[in-house]
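Notes follow once the structure below has been shown.
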Amino acid sequence: MEKQKTRKEIEKCYKWDLTTIYKSEEEWTNDLEKVKKELNKISNFKNNIVNSSENLLKYLRFDEKLERKIYKLYYYANLKHDQDTTNSKYQVMLGKITDIIKLESELSSFVNPEFLSVKYSKIKKYIKEEKGLEEYSFLLEQIYRYEDHKLNADEEKIISTFSDMLSLSEDVYESLTDSDLKFGVIKDENGKEYEFTKSNYSKFISSKDREVRKNAFELMFNTYSNYKNTIAKTFKGNIECLTDMAKIKKFNSSLEAALFNDNIDVDVYNNLIDTVNKNLKTIYKYYDLKKDVLNLKELHLYDIYVELVQECKKEYTFEEAKEIVLKALEPLGKDYLKIINKAFDEKWIDVYNNVGKRGGAYSSGFYDTNPFLLLNFEGELDDVSTLAHELGHSVHTYLSCKNNNYSNSSYKIFVAEVASTVNELLLCRYLLNNSKDNKEKLYILDYMMGLYTGTIYRQVMFAEFERDMHALKEQGEILTNELLSNKYYELNKKYFGKNVVVDDLIKYEWERIPHFYYNFYVYKYAIGLSCASYIVTNILDNKEGALENYIKFLSSGGSDYPANELKLAGIDITKSEVIESAVKMFDETIDEFRKIYNEK
């Protein structure tokens, strides 16, 4: 067995270069001490911020300068920590700056109430008076969007006092499902016994052995059925908090309140669900394909996660992955590729796994640092895809920071997955066009079909369930376990269609979805992939202005609301054509798979 390397054993050329942030840890420590002193100055602005345009500008500039120092310290410590989580020195560094961030938040708690103590009209007058305020105008506009939803000082204080209580349902749910639920023992294809957990469920539910899949499905949901009343209480409690808070804050619904921060209209959410519902025939077509390829008389829900192509053993060196990604992203133009090459040449990427390194992958960047990519590259096709994905985030961050002032540089989560998924789709298309191996092509097409089923159809089913359960509460319904389970079962029947056996136990699946506690989050996944599909289609079809408009979108950072930024890329998320573009790409992928499969 090959021993896992230590950090020191990884070649320098495969490690990120964090000296571009701080040349030494001593320099980091010196900056930390300076920031501690700066924190004491926050109180000087109390009761002064909105007294004049001059004071407002002074505060905003002070706050920006302090925040930039704090997050430069944070990114360095966090990246150091993640490269080796066993290193106690980095644990201490991260702990220190995390405490600073908490303290800064506490010391600044007076700021937003002070802003909202005056009318926005007064702030707009200040912006006209003081030119320096113009760069903060969108930041101030976002603060004052909440003007109609603010409470008086005493009411806000009461809500703040009970803030921990408001998240109690989610905390109890996480504690129960992460720590207390025990699922028993399961056997794999070879009869070897394992403790069955939430983490390894995906391994067993996608097993080549149908009996293993069936056992995993039944063991998972029989266990959850034993906790249906308790979890129904946490779910109901969470919805009650959100719907009641929305009412208190003068929103028409909890859905409207959840979308407000991104300035997304409720119609966008509803249109996504309606459009996918009108295109369910495509997902039915996919399940018919799955049934045929797996050669099953009946396709059950415990069959849907097994891969249609079991093995694609091709391995890639990191250098090969780099060349493939560069070739795949050529449609994005020379300027885009220059940034990608900077990532490789300037060592933004930490490539290989080592003892103590954080698992998974991410791209993390900030206005005063390069974007940095953490990988755990193992040489599989998935690792090549991950490299393309994370580089998408990095280029988005790089262009956002280079083309905007600090206050407008950070893009919203709503648009974050667009750039990464564009790269994934371009990679898939490049590999399909250049592979001479039909098995590899089928593997890629199977991956793409899984992307669409999991990111669009499944997430939209979740979004529909979440919307409808909140609406029922707002209409006065009591959310019992029976109601929740029956509604979820009926949704599954609709989304899987008459040619799939919708096993009765699926009615308890809603209990294991933590996203239902994330306050209308999942629809963003479906919107992101839909936008990426639309963009890729237009770029590969050489649609006039498609590439230039996409780069404008990537460069917009956080300078506007997400829907307006997407319009720069030619996307109107209020219309169905964007979602329909993704459905079309999914449909064509199904046809392409079947064609190649039938040629075998």
Only one of N87, N51, N112, N55 that is closer than 30 Å to K23 by Cα and not acidic (D, E): N87
Over segment 366-392, the set of residues crowded, with 17+ Cβ neighbours inside 10 Å and free of Cβ contacts under 8 Å to residues at least 40 places away in the same chain is P371, L375, T386, H389, E390, G392
Taking helices (runs of 4 or more DSSP H) that do not extend beyond segment 491-600, which have at least 1 residues that are at pLDDT 95 or above and within 30 Å of T177 (Cβ to Cβ)? 523-540
Would you check if S420 is farther than 23 Å from E330 by Cβ and either part of a helix (DSSP H, G or I) or at pLDDT 95 or above (or both)? no
Out of curiosity, is K338 over 20 Å from L374 (Cβ atoms), modelled with pLDDT under 95 and not acidic (D, E)? no
For segment 427-449, state whether one or more residues are in a helix (DSSP H, G or I) and touching a His at 6+ places or on another chain (Cβ under 8 Å). no
Looking at this structure, is L73 buried (at least 17 other Cβ atoms within 10 Å of the Cβ), touching a Leu at 6+ places or on another chain (Cβ under 7 Å) and in a helix (DSSP H, G or I)? yes
Mind telling me which of the residues S581, S533, S556 ends up being more than 22 Å from L427 (Cβ to Cβ) and out of contact with any strand residue (DSSP E or B) (no Cβ under 9 Å at 6 or more places or on another chain)? S556
From E195, E174, E170, which residue is farther than 22 Å from I304 by Cα, at pLDDT below 95, in contact with a strand residue (DSSP E or B) (Cβ under 9 Å, 6 or more places away or on another chain) and not assigned by TED's automatic domain parsing to the domain that holds V118? E195
Where a residue in segment 73-90 is more than 15 Å from G359 (Cβ to Cβ) and in the same structural domain as N376 (by TED's automatic domain parsing) and its partner, wherever it lies, is among the acidic types (D, E) and assigned to a loop (DSSP other than H, G, I, E, B), with Cβ under 6 Å and at least six apart: none
Just to verify a result, which residue in segment 161-181, among those that are hydroxyl-bearing (S, T, Y) and surrounded by 13 or more Cβ atoms within 10 Å (Cβ to Cβ), is nearest to S202 (Cα to Cα)? T177
Regarding segment 182-204, can at least one residue be identified that is buried (at least 19 other Cβ atoms within 10 Å of the Cβ) and either free of Cβ contacts under 8 Å to residues at least 12 places away in the same chain or in contact with a Lys or Arg (Cβ under 6 Å, 6 or more places away or on another chain) (or both)? no
Keeping to segment 8-19, report how many residues are assigned to a helix (DSSP H, G or I) and exposed (fewer than 15 other Cβ atoms within 10 Å of the Cβ). 5
Restricting to segment 82-99, what's the tally of residues that are surrounded by fewer than 18 Cβ atoms within 10 Å (Cβ to Cβ) and in a helix (DSSP H, G or I)? 8
Of the residues in segment 243-257 that are outside any helix (DSSP H, G or I) and in contact with a helix residue (DSSP H, G or I) (Cβ under 7 Å, 6 or more places away or on another chain), the one that is nearest to M448 (Cα to Cα) is S253
Can you spot a residue in segment 325-335 that is more than 18 Å from the chain's Cα centre (by Cα), among the small types (G, A, S) and within 16 Å of L18 (Cβ to Cβ)? no
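The values are calculated or read from the model by the stated rules, or taken from the named source; none is laboratory data. These numbers come from a predicted model, not from an experiment. Neighbour counts run over all protein chains shown; Cβ positions are idealised from the backbone, glycine included.
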